[in-house]
Amino acid sequence: TQVPPICFGATLNPLPLVSNNGITGTWSPALNNTQTTTYTFTPTSGVCSTTATMTITVFEINTTVADFTQVGPICIGDVITLPTVSTNGVVGSWSPSFNNTATTTYTFTPNLQCVNPIQMTVIVNPRFTPQFIPVGPICEGSNLPNLPTVSTDGTTGTWAPAINNTATTTYTFTPSSNSCADAAQMTIVVNPKVTPTF
């Protein structure tokens, strides 16, 4: 089992001489609680097993910062979880509680006192419906060009179903360029041709 990072000079318990799957052996070099070290586990002679390694990270006091991949931007209402383990192995907690309705700055407090806190701002963007210039009504059989694939607010996407100039139809626009854009709809009224009577 991976040993978590420790602070410079902290107590480092001896590594187990039996692996989780029952292989016995020895570790080298000797444990070092003053610098990050990679240790090699050599199985007992005669055991059909390969060597294994484990790197134990040792953080300098008040010089280490927890590393995180920036989260977001996200859309309002999206459900995400801020990681409690940094990319460099620091365990801790975030405050305040995550808010998926507003842009918020969060503080990560490490469990290790030798690691400095870090902040991350998660941007929350509002959801919106793409806007289009209405089309029609048209007469049955009249020319009906394809609907624009870019909204007036710059969102790209696709329309379905295919254009129909013979019947009133509601078309749905599915956005592709902006994750916070909702689907939009447009109904094009097609009026039947009427023969005048006298």
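Could I have the simple spin-label model distance between Arg127 and Glu140, label points 7 Å from Cα toward Cβ, reported in nm to one decimal?
The modelled label-to-label distance comes out at 3.9 nm.
According to a simple spin-label model (label point 7 Å from Cα along Cα-to-Cβ), what is the distance in nm between Thr81 and Thr158?
Each label point is offset 7 Å from its Cα along the Cβ direction, giving 3.4 nm.
Share of Cα-Cα pairs in the stretch 1-74 beyond 21 Å, in percent?
Details: 1104 of 2701 pairs.
When all Cα pairs of the stretch 1-74 are counted, 41 percent exceed 21 Å.
Any chance you could list P(r) for the stretch 63-104, counting all Cα-Cα pairs in 5 angstrom bins from zero, rounded to whole %?
It works out to 5, 20, 27, 22, 16, 8, 2, 0, in whole percents.
For the chain, with every protein chain kept in place, what is the accessible area per residue (1.4 Å probe, Å²)?
Values: 12080 Å² over 198 residues.
Ligands and nucleic acids excluded, the figure is 61 Å² per residue.
If you average the C-alpha positions of the stretch 85-133 and of the stretch 154-198 separately, how far apart do those two centres end up, in angstrom?
Taking the Cα centre of the stretch 154-198 as reference, the centre of the stretch 85-133 is 40 Å away.
7 Å from Cα along Cα→Cβ at both Asn13 and Gln185: what's the point-to-point distance in nm?
Spacing of the two 7 Å Cα→Cβ label points: 6.1 nm.
With charges set only on the Cβ (+1 for Lys and Arg, -1 for Asp and Glu), what does the dipole of the chain come to about its Cα centre, in debye to the nearest 20?
Values: 2 positive and 6 negative charges, 31 e Å.
Roughly 160 debye for the chain.
From the phi angles alone, apply the Karplus equation (6.51, -1.76, 1.60; θ = phi - 60°) to the stretch 143-160 and give each ³J(HN,Hα) in whole Hz, x where the residue is Gly or Pro.
Values, residue by residue: 5, 10, x, 4, 6, x, 8, 10, 6, 5, 9, x, 8, 8, x, 9, 10, 8 Hz.
If the chain between Val71 and Thr26 were fully stretched, how many nm would it gain, using 0.36 nm times the residue separation less the Cα-Cα distance?
On the way: separation 45, 0.36 × 45 = 16.20 nm, distance 4.15 nm.
Here the segment from Val71 to Thr26 would lengthen by 12.1 nm.
Sequence-distant or interchain residues sharing an amide H contact under 5 Å with Gly157, placed H: which?
Ser176
Between Thr34 and Thr103, what is 0.36 nm times their sequence separation minus the Cα-Cα distance? Round to one decimal in nm. It would help to have the intermediate numbers written out before the result.
Numbers: separation 69, 0.36 × 69 = 24.84 nm, distance 4.00 nm.
Answer, rounded to one decimal: 20.8 nm.
Under the rule of at least 5 residues apart or a separate chain, name every residue whose amide H is placed under 5 Å from the amide H of Ile61.
Residues meeting the criterion, in which the H sits 1.01 Å from N, are Phe8.
What percentage of the solvent-accessible surface of the stretch 1-155, computed with a 1.4 Å probe over protein heavy atoms, is contributed by carbon and sulfur atoms?
Values: 5160 of 9330 Å².
It is 55 percent, rounded to a whole number.
Tabulate in residue order the Karplus-calculated ³J(HN,Hα) for the stretch 82-90, using 6.51 cos²θ - 1.76 cosθ + 1.60 with θ = phi - 60°, rounded to whole Hz; enter x for Gly and Pro.
The phi angles translate into 6, x, 9, 10, 6, 5, 9, x, 7 Hz.
Check the chain for me: any Cys whose beta-carbon has no other cysteine beta-carbon within less than 4.7 Å?
Those would be Cys48, Cys139, since no other cysteine Cβ in the chain comes under 4.7 Å of theirs.
The values are calculated or read from the model by the stated rules, or taken from the named source; none is laboratory data. Fair warning: this is a prediction, and the values are worked out from it, not measured in the lab. Note that each Cβ is placed from the backbone with ideal geometry, even for glycine, and that neighbours are counted across all protein chains shown. Quick note on the areas: whole protein, heavy atoms, side chains included, nothing else; ligands and nucleic acids left out. Shrake-Rupley method; radii C 1.70, N 1.55, O 1.52, S 1.80 Å.
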